Amino acid sequence: MWRLSTMAGALCLFVYSTDVAVAQTSRVRLAVVNTPDDLLRELLPVFEQQGNYRVDLNYTGEDPWSEARNGQADMVIAHYGHHGTQSFLAEGLGLWPVMVFANQAVLVGPSSDPANVRGLTDAVEAFRRIAQSRSVFIPNNAASERYLGQVLWEGAGRPEQNGWYMDLGLQDQPVVEAAARMGAYTLWGLPPFLRYQASLGRSSGQDVLVSMDPILQRVMVSVVSNPDKVAGINVEGATALQRFLILPSTQARIRAFRYAGFDQQAWWPFGRHNSGASLP
């Protein structure tokens with residue numbers, strides 16, 4: 001009787017362990033910055049319909065790399081220039097990054113548009129008109145937007161900043177709120193601005209006035225966690241998801257994605273920027 005019970009227990013343990021292994025390898029744990037989740041909600045069901053894997057979007061926020069360091073993410077999607085990307089890769093915690101898509105910053109301004117920049121696809125020309133009309137511009141002190149603003153200022157011929165260029169030391173949403181109060185222009189990412197507008201439940205008196213200039217784009221990469229450095233990584237599943245993101249059909253979906261109420265292109269496919277040998 002003891003032997004039978006032991007054998008039965010061993011059999012149950014074997015079956016249980018097999019089920020857990022299957023569950024682990026059929027799930028891909030994904031951590032992303034707080035920008036692309038709207039896009040991914042459209043893409044991931046297509047990946048899951050292939051029937052091999054399910055994706056758990058475990059984390060959306062400012063620090064997806066901590067999730068990966070703690071063994072909670074098989075793959076991370078973040079900006080190439082995100083503050084945690086370089087250190088994660090330099091420490092060998094991630095495999096070679098794959099460029100997947102780019103979002104964009106936009107020039108936001110008052111609906112009245114005193115500088116007459118609405119619809120321009122040349123962000124430097126828009127900045128030049130703001131300076132010439134002496135319309136108020138408030139720089140966004142988030143690192144990426146501040147750098148972008150400096151590029152636009154240089155491109156516009158380094159116009160004198162007195163009287164119209166007002167650095168309030170703010171970044172992101174507080175900048176946009178200040179710009180709304182002052183009837184000013186500023187720069188912010190398109191997805192967070194659209195979410196901010198939607199959260200108000202009313203018009204803020206601000207519009208996206210300039211987009212579509214390639215200088216506004218900011219690339220994101222996917223990085224599979226290195227199983228030699230981080231335990232419990234589903235490399236096969238993460239690699240399959242990474243490959244799916246750069247399939248021509250997926251890249252076409254990325255290009256076609258639109259936000260409700262904003263009919264212009266919001267995301268750019270960047271799969272082509274990877275090495276030819278890695279392309280599907």
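All of the numbers you see were taken from the coordinates with simple rules; none came from a lab. Just so it is clear, the structure is predicted and the values come from calculations on it, not from any experiment. Note that we place each Cβ from the backbone using ideal geometry, even for glycine, and neighbour counts take in every protein chain shown.
What is the angle, in °, between the Cα long axis of helix 190-200 and the longest principal axis of the Cα atoms in the chain? Nearest 10 is fine, range 0 to 90.
Helix 190-200 sits roughly 80 degrees off the main axis of the chain.
How far apart, in nanometres, would the label points at A240 and R41 be if each is projected 7 angstrom from Cα along the Cα-to-Cβ direction?
Output for this residue pair reads 2.5 nm.
Stretched out fully, how many nm does the piece from S111 to Q150 gain, at 0.36 nm a residue minus the Cα gap? Walk me through the numbers on the way to the answer.
Working: separation 39, 0.36 × 39 = 14.04 nm, distance 2.40 nm.
Going from the current span to full extension adds 11.6 nm.
Hey, could you pull the Cα Rg and Dmax for the chain, both in Å?
Values for the chain (Cα only, Rg and Dmax): 23.1, 93 Å.
Once fully extended, how much extra length lies between S26 and A178, figured as 0.36 nm per residue of separation less the alpha-carbon to alpha-carbon distance? Please list the in-between numbers first.
Numbers: separation 152, 0.36 × 152 = 54.72 nm, distance 4.71 nm.
Extra length from S26 to A178 when fully extended: 50.0 nm.
Viscosity 1.002 mPa s, temperature 20 °C: Stokes-Einstein D of the range 103-216 from its Kirkwood Cα radius, in µm² per second?
Details: Rh = 13.6 Å.
For the chosen part, D equals 157 µm²/s.
Just grab the label-to-label distance for D122 and W96, each label 7 Å out from Cα along the Cβ direction, in nm (one decimal).
3.9 nm
Please build a GNM for the chain, connecting alpha carbons under 10 Å apart, and tell me which residue among G157, G92, G81 fluctuates the most.
The residue that fluctuates most here is G157.
Below 8 Å, C-alpha to C-alpha, sequence gap of six or more: please give me the relative contact order for the range 103-216 in percent. Numbers along the way, then the final one.
Details: 190 pairs, mean separation 54.4, N = 114.
Relative contact order comes out at 48 percent.
Just add up the charged neighbours of P64: K/R +1, D/E -1, any other residue whose Cβ is under 14 Å from the Cβ of P64. Don't skip to the answer; put the middle values down first.
On the way: positive: R29, R69; negative: D37, D56, E62, D63, E67, D74.
Net of charged neighbours comes to -4.
Along Cα→Cβ, 7 Å out, is where each label goes; now give me the distance between the ones at T60 and Q86 in nm to one decimal.
The two pseudo-label positions are separated by 2.9 nm.
Per residue of the chain, what 222 nm ellipticity follows from adding -39500 (n - 2.57) for every DSSP H run with n ≥ 4, rounded to the nearest 500? Walk me through the intermediate numbers first.
On the way: 10 runs with 114 residues, N = 280.
Helix-only estimate at 222 nm: -12500 deg cm²/dmol.
By how many degrees, between 0 and 90 and to the nearest 10, does the Cα long axis of helix 235-245 differ from the longest principal axis of the chain?
40 degrees
Considering Cα pairs under 8 angstrom that are at least six residues apart, work out the relative contact order of the chain and quote it in whole percent. Please list the in-between numbers first.
On the way: 459 pairs, mean separation 73.2, N = 280.
Averaging sequence separation for qualifying contacts and normalising by length gives 26 percent for the chain.
Going by how many other beta carbons lie within 10 Å of each one, how would you line up L279, L120, L216, L168, fewest first? Don't skip to the end; give the middle numbers.
Working: L279 13, L120 19, L216 23, L168 16.
Listed from fewest to most nearby Cβ atoms, that is L279, L168, L120, L216.
Report, in degrees rounded to the nearest 10, the 0 to 90 angle that the Cα long axis of helix 173-182 makes with the longest principal axis of the chain.
20 degrees
Figure the gain on full extension for R158 and H273 (residue separation times 0.36 nm, minus the Cα-Cα span) and round it to one decimal in nm. Present the calculation step by step, with values, prior to reporting the outcome.
Values: separation 115, 0.36 × 115 = 41.40 nm, distance 3.18 nm.
Using 0.36 nm per residue and subtracting the Cα-Cα distance, I get 38.2 nm.
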